[in-house]
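The values are calculated or read from the model by the stated rules, or taken from the named source; none is laboratory data. All values reported here derive from a predicted model rather than from experimental measurement. For neighbour counting, all protein chains shown are included, and Cβ atoms are generated from backbone atoms with ideal geometry for every residue, glycine included.
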Amino acid sequence: MTFTKSSRERRIKTVAVRNIRVYAKTRTLKRTGNWSYFRIRKKARQKMLPFKLFHQHSKIQWPLSLYSCGLHHQHQIHRPIGYPTFQCMIALEGAGIFDFENGLSVTLQKGEILLVPGKQAHDYGPTTERWILGYMGIEGKLVEPLIHALEIPVRRPLAVSEEHLRQLEAGLIRLWNGKETDERDYDQRVSTEIYDWLTSIAAMTQIGSQSSDDRNHAGATALIRKSVHYMEQHYMEELSIANIADTVGYSKQHFQRKFKENYGVNPGQYLQRLRLLRGAQLLAEQSDLSVGEIATRVGMEFNYFVRLFKREHGITPAQYRLTRAYE
């Protein structure tokens, strides 16, 4: 293809203008140091790790081994016979609820760890729009004895500092990215790393708060958790935010502020998501109940329940029930 003199000049001018713009933008970023947008985007891409299964390759049966791990936005999970192995869950963002077969309900929010024993029926799902959950399935003869010896509570949220949270996240990413087929000592190294992981969790959760500010924060967190427990027990009733605040001795405004600091959403949004979560469970498990009866059972008016459910899941409650019936 040949270019006329005028078209060649236009092309040269266009390239020059584009280069000037790129140069100016780069100088501005260097001068201000405002590269945070690019760092955040890169970090967000790195954080999302899909579910991955692992297999031991050596003939030696190591006492601790990695069965699975992942790190991503968590959706609703139903496990009627539990998970094959012990699980360690880490909430990196948002909040969600774990329901166990004995009626125990546990909320796991950002900055908390939860150990879940293997082969115990449970369900879990998000109560906030975005729940980033890191998890690791651990197997081996020493898993339960070690957790017991380290006195790490199971089925109970364990709070860790932001620094410790990032350390655990980095360790999980390291395990996920391990080159299991390229390293002869991979299984041994993973076994050692899991041991370090569990001992670190034990140390993190046993340090305790020392300053009065930390104690005050812990007390406020405990009260907010108490309010969540109250919602979990009374979501089917007509609840107002002011009434919930009264149960923990806070004013409505102070309660809303503290709740959002802990869960990233206001209490009204949390209650709404809790009701929709319970509604989804009833739709899947109670085929004899009509959608109207389920709406009443979760404390919502029928039309409002249908509208919010469709907005949350993209389909109506009736359609959701049909999809679950064929799973």
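Can you name every residue in the range 259-283 that is crowded, with 21+ Cβ neighbours inside 10 Å and small (Gly, Ala, Ser)?
Hits for the range 259-283 are Gly279, Ala280.
Is it the case that Pro157 is surrounded by fewer than 18 Cβ atoms within 10 Å (Cβ to Cβ) and not assigned by TED's automatic domain parsing to the domain that holds Tyr270? Break it down into steps so the answer makes sense when it comes.
On the way: surrounded by fewer than 18 Cβ atoms within 10 Å (Cβ to Cβ): no; not assigned by TED's automatic domain parsing to the domain that holds Tyr270: yes.
Here the answer is no, as Pro157 does not meet what is asked.
So, of the residues in the range 227-281 that are touching a residue at least 12 places away in the same chain (Cβ under 8 Å) and small (Gly, Ala, Ser), which turns out to be farthest from Thr128 (Cα to Cα)?
My answer is Gly249.
If you take just the helices (runs of 4 or more DSSP H) that sit entirely in the range 235-314, which of them hold at least 1 residues that are among the hydroxyl-bearing types (Ser, Thr, Tyr) and over 26 Å from Glu93 (Cβ atoms)? Even if it seems obvious, please write down each step before you answer.
Details: elements: 241-247, 252-263, 267-285, 291-297, 302-313.
Where helices (runs of 4 or more DSSP H) fall fully within the range 235-314 and carry at least 1 residues being among the hydroxyl-bearing types (Ser, Thr, Tyr) and over 26 Å from Glu93 (Cβ atoms), they are 241-247, 291-297, 302-313.
Restricting the search to the range 196-215, which residues are farther than 11 Å from His164 by Cβ and modelled with pLDDT of 85 or more? Walk me through it before giving the result.
We begin by selecting, within the range 196-215, every residue farther than 11 Å from His164 by Cβ; these are 196-199, 202, 206, 208-215.
Result: Asp196, Trp197, Leu198, Thr199, Ala202.
How many residues are on the phi < 0 side of the Ramachandran plot and either of a type in the set (A, V, I, L, M) or in contact (Cβ under 8 Å) with a residue 60 or more places away in the chain (or both) when one looks only at the range 75-98?
13
Could you check how many residues of the range 315-327 are part of a helix (DSSP H, G or I) and touching a Phe, Trp or Tyr at 6+ places or on another chain (Cβ under 9 Å)?
Our first condition is that a residue be part of a helix (DSSP H, G or I); within the range 315-327, this holds for 317-325.
Those still in the list that are touching a Phe, Trp or Tyr at 6+ places or on another chain (Cβ under 9 Å) too: 317, 320.
Of the residues in the range 315-327, 2 are part of a helix (DSSP H, G or I) and touching a Phe, Trp or Tyr at 6+ places or on another chain (Cβ under 9 Å).
Answer with yes or no whether Val143 is in contact with a helix residue (DSSP H, G or I) (Cβ under 6 Å, 6 or more places away or on another chain) and modelled with pLDDT of 85 or more.
Judged against the criteria, Val143 is not a match.
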